[in-house]
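Everything on this sheet refers to the single structure shown next.
The values are calculated or read from the model by the stated rules, or taken from the named source; none is laboratory data. Just so it is clear, the model here is predicted, and its values are computed rather than measured. Counting neighbours? That spans all protein chains shown, and the Cβs are built from the backbone with ideal geometry, glycine included.
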Amino acid sequence: MDESRPIFVQIAEQIENDIVAGTLAEETQVPSTNEFAAFYRINPATAGKGVNLLVDSGVLYKKRGIGMFVASGSRARLLEKRRKTFAEEFIAPLLGEAASLDISSDELLELIQTHAQRMGPQKVGEK
Amino acid sequence: MTSVIEVAHLTKRFGDLAAIDDVSFRVEENAITGLLGRNGAGKTTLMQLLTGQQFATSGTIDVFGANPVENADVLQNVCFIKESQKYPDEFRPKHVFRSAPWFFPHWDAEFAEQLVEDFRVPANRPIKKLSRGQVSSVGVIVGLASRAPLTFFDEPYLGLDAVARQIFYDRLLQDYAEHPRTILLSTHLIDEVANLLEHVLVIDDGRVVIDEEADVLRGSATTIAGTRAAVAAFSEGREVLHAETIGGLSSVTLEALSPSDRADAAAAGLELAPVSLQQLIIRKTTLTAPATESEMEHSA
Amino acid sequence: MTTTALTPPSIAQAPSRVLAVLRLHFASRYILIGAPWAIMAIIFVVNLAVWAIIFASVSSPTDRAEVTAGLQWSGASLYLFVWMSIVAVQSIMVSFPFALGYGVTRRDYYLGTSLTYVLLSVGYATVLTLLAGIEQATDGWGLGGQMFNAVYFAGDTLVERFFVFLALLLFFYFSGALGATVYLRWKQPGLLAAFAALGVLIVGLCALVTISQSWQRVFEFATSVGTGGLVALLLIPTAIAALTGYGALRRATPKN
C-alpha cells in the first residue's frame, strides 16, 4: 500500500485488477466495505469511498440488502479503458527509458520481438 | 454531518501558561478522529476538558449537546482511557472487567473476554505485578469493550509492543465497523494509525493547526525528486513545503499536484514520491524546530 | 448543515450510579473489612495475654479491682478510629482519579463514598457494641480485662455506647476524608495551609480559654452534657467536615 495515490483510489484499482484478471467474475459479489477495511487495515469510510468510485463508474452495482456486485460487461469496459491508456502508461515511459539508454527504435523493436517469443503466448487468467 | 463534540474558543490556563489557546472545532459522529501533536502540545489537557475532568478557563464545550462537567447523563456515554491508569490496591484485571459494566451501560462482556485472550492478559494476577504492557492492555480492553458512543484513547498503547498494538488496531477497526461509534485517538505514532483515521486534528502549542479529512490531507502534498535543475524548473511558481538537496540531486515537497501535473513531472524525468501523513504533519508543525543542514543550505 | 447529536437516552439514574460507587469501594473488601478486624483480633489476643499475666501475679480482690479500674484507660481499641481516618484518606486518594476515569461525577463519587463509610461505621459500631456487651457480661472476658468499655466510650447503656462509637467513627472518617479532598484540590500547599489554620484555631481557642480562666467551666460542661451531648458535639464538626469535603472536591482535578 504506497501513498503516491489516495488509498481509496488504490482499492478501486485493486478491484478493477481482479475483474480484469478474471478473479472477480461478473455478477459475483464483491467483499463488503468492512471486509476491505479489515483486510487493508484502513478506515471503513475510506474503503467505502473506493467502492463508491466503482459504483459511480458503473463497474459495480448495489443489490439492496445483499451487497455489491460486479456489473455485467464491466470487464470488457475496463479492458477498453486500459487499452486507451496503455500507450500513455507503458509505451511512453518505455520509449523515454530507451532514449536515455541510447537504444534506437529498431533495436527496441528487435528486443520486443525476442522477448515476446521467449515468453510465449500469454493467456489472461493463467499464471 | 452530525457533530458529537462542539468546542468554541476554548482556553485553559495553568497560571500564565495557556495549555489550550482559543481552540474551536467539531468532531463528527461515528468517525475515527486522530488527535495528533507533539509531546506537551495539549492533547491530554484537551481530552480532560472534553470529559469534564478539567475545568475550562473560558470558552464552551458541548458533548452530545451539553456541558460534560459533572453531567452524568453525558459521561455515562463517554469512555476515556489514558496511558498511566492507577488501579485500586488489590485490584486484578478481573475486578476491572467486573466493575466496568457498572459504569459503562453498553459494556459487552463476551467481547471483553475475547480481548483478554487476544492480548494474553492474566486476569487473576494483581495489577501491581503486571508488566507495563499488560496494564496498558487492560486499559485498551476497557476502552474497546465499553462500546461507549464516544470513546477517547489517550496514547494508552504506548506500553504495548508492536504485536499488541497491531492487535489493538485490528480489533478497533473490526469492532468499529460492526458497532460504529465516535472515537478520538491521540498519539504521536502517526504513521501507525494513519490508515485508521477518517479525520485529523493536529494540536501544536495549545492551538489547532490542522483540522481536516485524512484523505484530503494526504492528497495535499507530493514529493518530487530528480536533478536540481529539473526540480527547480518544475517547482517554479508552486508552493514549496520542504526542500532537501544532496550533491546534484534535489527533493522537494510541493502542495497538491493535479493528475496532469503528475504526468508532466513524470515526463520531465522526475520521480514522484509519497508524503506520509506523519511527514506532512511534521512539516506543518515544525515551526520552531532547528533546521537540518540541507534545509539551511536551501533557505532564502 | 451540521446538527448536534443529542445525548443518548439516560441509562442509569442517580441512585444506581451512587450504588455503583459503593460497589466499587466494596470490591476492596479485604482492606475495608478484613484487615482492620484481623488487626483488631491480634490486638485483642495480645491484650488477653497481658491480662492473664497480670492477674496471675495479682491475687487479692482489692488489687484486682484496682487493675481493672486502671484498664479503663486502655487505648487498645482506639486504633480502629485512627485506622478509619487513614484508610479513608488512602482509599479516596486512589479511588477518586479512578472513578473520574470511569466517568463518575464528583457528586456521585462523594455521595457513594460517604455512603460506603457511613455503612461501614454502622457495621463497626455494631460489632464494637456487641463486643463491649460481651465484655461486660463475661466480667472482662473472665479476666477482668477492659478494652471495649474503656472510659473514652461514655454511655451507660449499650445503646448509648453504640451511638458514641458511631459518632466517633463518623467524625474520624469525615475528618480524614476532608484532609484527602483538600489535598486533591489544592495539593500539598493546600494541606499544609489547612493544617496550619487548624493548628492556629486550636491554639487560639485554648489560649482564649486559658486567658479567661474557663477551663473549670469547660470540664463541668463536658461532664454535664452526658452521652447525648457528647454525640451531638461530635456530629457538628463531622457535618462541617462532610460539607467542606464536598466543597473541596467539587473543583478537584486528577493529577496531571
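If only one of B:Arg125, B:Arg171 is on the phi < 0 side of the Ramachandran plot and not in a helix (DSSP H, G or I), which one is it?
Numbers: B:Arg171 fails: not in a helix (DSSP H, G or I).
After applying the criteria, what remains is B:Arg125.
Residues that are over 24 Å from the mean Cα position of the chain (by Cα): find the helices (runs of 4 or more DSSP H) completely inside the stretch B:1-111 holding 3 or more of those.
Numbers: elements: B:43-50, B:72-75, B:93-103.
Qualifying helices (runs of 4 or more DSSP H): B:93-103.
Using the structure shown, decide if B:Asn39 is more than 10 Å from chain C (Cβ to nearest Cβ), surrounded by fewer than 22 Cβ atoms within 10 Å (Cβ to Cβ) and out of contact with any Asp or Glu (no Cβ under 8 Å at 6 or more places or on another chain).
Numbers: more than 10 Å from chain C (Cβ to nearest Cβ): yes; surrounded by fewer than 22 Cβ atoms within 10 Å (Cβ to Cβ): yes; out of contact with any Asp or Glu (no Cβ under 8 Å at 6 or more places or on another chain): yes.
Yes; evaluated as a whole, the condition is true for this residue.
Conditions: (1) surrounded by fewer than 18 Cβ atoms within 10 Å (Cβ to Cβ); (2) small (Gly, Ala, Ser); (3) within 13 Å of another protein chain (Cβ to nearest Cβ). B:Ala232 meets all but one. Number of the miss?
(3)
Mind listing whichever residues of the stretch B:240-277 are within 14 Å of chain A (Cβ to nearest Cβ), without any contact (Cβ under 8 Å) to a residue 40 or more places away in the chain, in contact with a strand residue (DSSP E or B) (Cβ under 8 Å, 6 or more places away or on another chain) and farther than 26 Å from B:Asn195 by Cα?
Correct list: B:Ala266 only.
Let me spell it out: the conditions are (1) more than 14 Å from chain A (Cβ to nearest Cβ); (2) of a type outside the set (A, V, I, L, M, F, W, C); (3) under 14 Å from the mean Cα position of the chain (by Cα); (4) outside any strand (DSSP E or B), and B:Gly237 meets all of them except one. Which number is the exception?
Here B:Gly237 clears every test but (3).
Tell me, which residue of the stretch B:128-144 that is assigned to a helix (DSSP H, G or I), farther than 23 Å from C:Gly103 by Cβ and within 26 Å of the chain's Cα centre (by Cα) is farthest from the other protein chains (Cβ to nearest Cβ)? So that I can check it myself, show each step before the final result.
Residues of the stretch B:128-144 that are assigned to a helix (DSSP H, G or I), as a first pass: B:128-129, B:132-144.
The next check asks that each one be farther than 23 Å from C:Gly103 by Cβ; those that pass are B:128-129, B:132-134.
Now restrict to residues that are within 26 Å of the chain's Cα centre (by Cα): B:132-134.
Working: B:Arg132: 18, B:Gly133: 19, B:Gln134: 18 Å.
Only one residue fits best here, namely B:Gly133.
Considering only residues that are at positive phi and over 16 Å from the mean Cα position of the chain (by Cα), which ones fall in the stretch A:64-102? Explain how you work it out, then say what you get.
First pass over the stretch A:64-102, keeping only residues at positive phi: A:65, A:67, A:73, A:102.
Correct list: A:Gly65, A:Gly67, A:Asp102.
Return the residues of the stretch B:90-102 that are facing chain C (nearest Cβ under 8 Å), within 15 Å of B:Val138 (Cβ to Cβ) and in contact with a helix residue (DSSP H, G or I) (Cβ under 7 Å, 6 or more places away or on another chain); say none if nothing qualifies.
B:Glu90, B:Phe91, B:Ser99, B:Ala100 - these are the residues of the stretch B:90-102 that are facing chain C (nearest Cβ under 8 Å), within 15 Å of B:Val138 (Cβ to Cβ) and in contact with a helix residue (DSSP H, G or I) (Cβ under 7 Å, 6 or more places away or on another chain).
Filter the stretch C:198-246 for residues that are surrounded by 14 or more Cβ atoms within 10 Å (Cβ to Cβ), modelled with pLDDT of 85 or more and small (Gly, Ala, Ser) and give the result.
Within the stretch C:198-246, C:Ala241, C:Ala242, C:Gly245 meet the criteria.
Only one of A:Asn43, A:Asn34 is within 11 Å of chain B (Cβ to nearest Cβ) and in contact with a Leu (Cβ under 6 Å, 6 or more places away or on another chain). Can you tell me which? Write out each step before concluding.
On the way: A:Asn34 fails: in contact with a Leu (Cβ under 6 Å, 6 or more places away or on another chain).
After ruling out the rest, the residue left standing is A:Asn43.
Being at the interface with chain A (Cβ under 10 Å from one of its Cβ atoms) and assigned to a helix (DSSP H, G or I) is the filter here; which residues of the stretch B:174-190 pass it?
Those that are at the interface with chain A (Cβ under 10 Å from one of its Cβ atoms) and assigned to a helix (DSSP H, G or I): B:Gln174, B:Tyr176, B:Ala177, B:Glu178.
Checking the condition more than 28 Å from B:Tyr169 (Cβ to Cβ) and more than 8 Å from chain C (Cβ to nearest Cβ), which residue from B:Asp16, B:Asp62 passes? Step through it out loud before you land on a result.
On the way: B:Asp62 fails: more than 8 Å from chain C (Cβ to nearest Cβ).
Only one candidate qualifies: B:Asp16.
Taking the stated definitions as given, is B:Arg218 within 26 Å of B:Ala194 (Cβ to Cβ) and in contact (Cβ under 8 Å) with a residue 60 or more places away in the chain? I'd like the intermediate steps shown before the answer.
On the way: within 26 Å of B:Ala194 (Cβ to Cβ): yes; in contact (Cβ under 8 Å) with a residue 60 or more places away in the chain: yes.
Yes; evaluated as a whole, the condition is true for this residue.
Report whether or not B:Thr44 is over 21 Å from C:Gly101 (Cα atoms) and either surrounded by 19 or more Cβ atoms within 10 Å (Cβ to Cβ) or within 13 Å of chain C (Cβ to nearest Cβ) (or both). Break it down into steps so the answer makes sense when it comes.
Details: over 21 Å from C:Gly101 (Cα atoms): no; either surrounded by 19 or more Cβ atoms within 10 Å (Cβ to Cβ) or within 13 Å of chain C (Cβ to nearest Cβ) (or both): yes.
Judged against the criteria, B:Thr44 is not a match.
Mind checking which residues of the stretch C:27-62 are within 14 Å of another protein chain (Cβ to nearest Cβ) and either within 17 Å of the chain's Cα centre (by Cα) or surrounded by 15 or more Cβ atoms within 10 Å (Cβ to Cβ) (or both)?
Step one: filter the stretch C:27-62 for residues within 14 Å of another protein chain (Cβ to nearest Cβ), giving C:27-35.
C:Ala27, C:Ser28, C:Ile31, C:Leu32, C:Ile33, C:Gly34, C:Ala35 - these are the residues of the stretch C:27-62 that are within 14 Å of another protein chain (Cβ to nearest Cβ) and either within 17 Å of the chain's Cα centre (by Cα) or surrounded by 15 or more Cβ atoms within 10 Å (Cβ to Cβ) (or both).
Can you find, within the stretch B:202-224, the residue that is nearest to the other protein chains (Cβ to nearest Cβ) among those that are aliphatic (A, V, I, L, M) and surrounded by fewer than 17 Cβ atoms within 10 Å (Cβ to Cβ)? Spell out how you get there, then give the answer.
Just the residues of the stretch B:202-224 that are aliphatic (A, V, I, L, M), to begin with: B:202-203, B:208-210, B:214, B:216-217, B:221, B:224.
This time we only want the ones that are surrounded by fewer than 17 Cβ atoms within 10 Å (Cβ to Cβ), so: B:209, B:216.
Details: B:Val209: 21, B:Val216: 9 Å.
So, considering only residues that are aliphatic (A, V, I, L, M) and surrounded by fewer than 17 Cβ atoms within 10 Å (Cβ to Cβ), the one nearest to the other protein chains (Cβ to nearest Cβ) is B:Val216.
Looking only at residues that are within 13 Å of another protein chain (Cβ to nearest Cβ) and not basic (Lys, Arg) in the stretch B:1-13, which one is nearest to B:Asp175 (Cα to Cα)? Outline the logic, then answer.
Of the stretch B:1-13, the ones within 13 Å of another protein chain (Cβ to nearest Cβ) are B:1-8, B:12.
Still in the running and not basic (Lys, Arg): B:1-8.
On the way: B:Met1: 22, B:Thr2: 21, B:Ser3: 21, B:Val4: 19, B:Ile5: 22, B:Glu6: 25, B:Val7: 27, B:Ala8: 31 Å.
Top of the filtered list is B:Val4.
Here is a check on your reading of the model: is A:Arg82 touching a residue at least 60 places away in the same chain (Cβ under 8 Å) and either in a helix (DSSP H, G or I) or not aromatic (Phe, Trp, Tyr) (or both)? Lay out the reasoning, then the answer.
Details: touching a residue at least 60 places away in the same chain (Cβ under 8 Å): yes; either in a helix (DSSP H, G or I) or not aromatic (Phe, Trp, Tyr) (or both): yes.
Taking the combined requirement at face value, the residue satisfies it.
Given the condition in contact with a strand residue (DSSP E or B) (Cβ under 8 Å, 6 or more places away or on another chain) and within 30 Å of B:Leu196 (Cα to Cα), answer yes or no: does some residue in the stretch A:72-93 qualify?
no
Going through the stretch B:209-229 one residue at a time, which ones are farther than 17 Å from B:Val275 by Cα and in contact with a Leu (Cβ under 6 Å, 6 or more places away or on another chain)? Give the steps one after another, and end with the answer.
To start, the set of residues in the stretch B:209-229 that are farther than 17 Å from B:Val275 by Cα comprises B:209, B:211, B:227-229.
Of everything in the stretch B:209-229, just one residue is farther than 17 Å from B:Val275 by Cα and in contact with a Leu (Cβ under 6 Å, 6 or more places away or on another chain), namely B:Asp211.
Working only within the stretch C:94-124, note down all residues that are within 7 Å of chain B (Cβ to nearest Cβ) and in a helix (DSSP H, G or I).
Taking the stretch C:94-124 as the starting set, the residues that turn out to be within 7 Å of chain B (Cβ to nearest Cβ) are C:94-95, C:97-98, C:100-108.
Those that are within 7 Å of chain B (Cβ to nearest Cβ) and in a helix (DSSP H, G or I): C:Val94, C:Ser95, C:Pro97, C:Phe98, C:Leu100, C:Gly101, C:Arg106, C:Arg107, C:Asp108.
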